[in-house]
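Here is the structure we will look at.
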């Protein structure tokens, strides 16, 4: 649903684990990582859209998460000119989002990326709370920063570690357990073996 200013209404999902880390997902066929997010349909409230997107993108149900909080209002970002589809009507110039902080109550193996007809992600990681700010595409960075700062009170402030655990769309680890590093973070890092920037 696109508002009168040209912003598509959307929900963003920050899923945390018990250690205060956040789920970071890789888009299919791209070297692009992000939080799960999705559009709000005309008949939906933001919370209904949240649970639909949660199931479509991560395979989780409302009973498998705890809603910890949400941003107080809409957060907007404008698309770069080269991504705006001027030939489409209504014209969409960006997204306006309500962000939800959730805690996973289920097991990691319950996260399934391939349940929908058109999966969006092919693998995921648990990362340090602030790590996404170093990796998200530039035009989403300010919204991510505002959402993470506003929702920070819902996670453990003492979480200083990152567990890098790549998981493919079929929910099987892409690294064997002995090679899963746990590192203290001064700045976010990623393993070179995944072909990702550090």
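The values are calculated or read from the model by the stated rules, or taken from the named source; none is laboratory data. This one's a predicted model, so the numbers in the text were calculated from it and none came from an experiment. Quick reminder, even Gly has a Cβ in these numbers, built from the backbone with ideal geometry, and neighbours come from all protein chains shown.
State yes or no: is residue 121 closer than 16 Å to residue 99 by Cβ and either at pLDDT 95 or above or touching a strand residue (DSSP E or B) at 6+ places or on another chain (Cβ under 7 Å) (or both)? Spelling it out, it is not the case that residue 121 is closer than 16 Å to residue 99 by Cβ and either at pLDDT 95 or above or touching a strand residue (DSSP E or B) at 6+ places or on another chain (Cβ under 7 Å) (or both). Criterion applied to 19, 66 was being over 12 Å from the mean Cα position of the chain (by Cα), under 19 Å from residue 129 (Cα atoms), in contact (Cβ under 8 Å) with a residue 24 or more places away in the chain and in a loop (DSSP other than H, G, I, E, B), and the one residue passing it is 19.
Residues are listed down the side, and each one gets a yes or a no for (1) surrounded by fewer than 21 Cβ atoms within 10 Å (Cβ to Cβ); (2) in contact with a helix residue (DSSP H, G or I) (Cβ under 9 Å, 6 or more places away or on another chain); (3) under 25 Å from residue 152 (Cα atoms):
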| position | (1), (2), (3) |
| --- | --- |
| 33 | no, yes, yes |
| 64 | yes, yes, yes |
| 78 | yes, yes, yes |
| 86 | yes, no, no |
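Please tell me if residue 100 is under 15 Å from residue 22 (Cβ atoms) and in contact with a helix residue (DSSP H, G or I) (Cβ under 9 Å, 6 or more places away or on another chain). So residue 100 fits the description; yes. All told, residue 85 falls short of being out of contact with any strand residue (DSSP E or B) (no Cβ under 8 Å at 6 or more places or on another chain), part of a loop (DSSP other than H, G, I, E, B) and under 20 Å from residue 48 (Cβ atoms).
Within the stretch 134-145, if we keep just the residues that are in a helix (DSSP H, G or I) and surrounded by 15 or more Cβ atoms within 10 Å (Cβ to Cβ), the residue that is nearest to the chain's Cα centre (by Cα) turns out to be 144. When the residues of the stretch 9-62 are filtered to those that are out of contact with any strand residue (DSSP E or B) (no Cβ under 8 Å at 6 or more places or on another chain) and at positive phi, the one that is modelled with the lowest pLDDT is 20. Using the structure shown, decide if residue 95 is buried (at least 18 other Cβ atoms within 10 Å of the Cβ) and farther than 17 Å from residue 22 by Cα. Against the criterion (buried (at least 18 other Cβ atoms within 10 Å of the Cβ) and farther than 17 Å from residue 22 by Cα), residue 95 qualifies.
Scan the stretch 113-129 for residues that are more than 15 Å from residue 13 (Cα to Cα), touching a residue at least 24 places away in the same chain (Cβ under 8 Å) and in a loop (DSSP other than H, G, I, E, B) and jot them down.
114, 115, 116, 119, 128
For residue 96, the conditions (1) more than 23 Å from residue 127 (Cβ to Cβ); (2) part of a helix (DSSP H, G or I); (3) touching a residue at least 60 places away in the same chain (Cβ under 8 Å) are fulfilled apart from (2).
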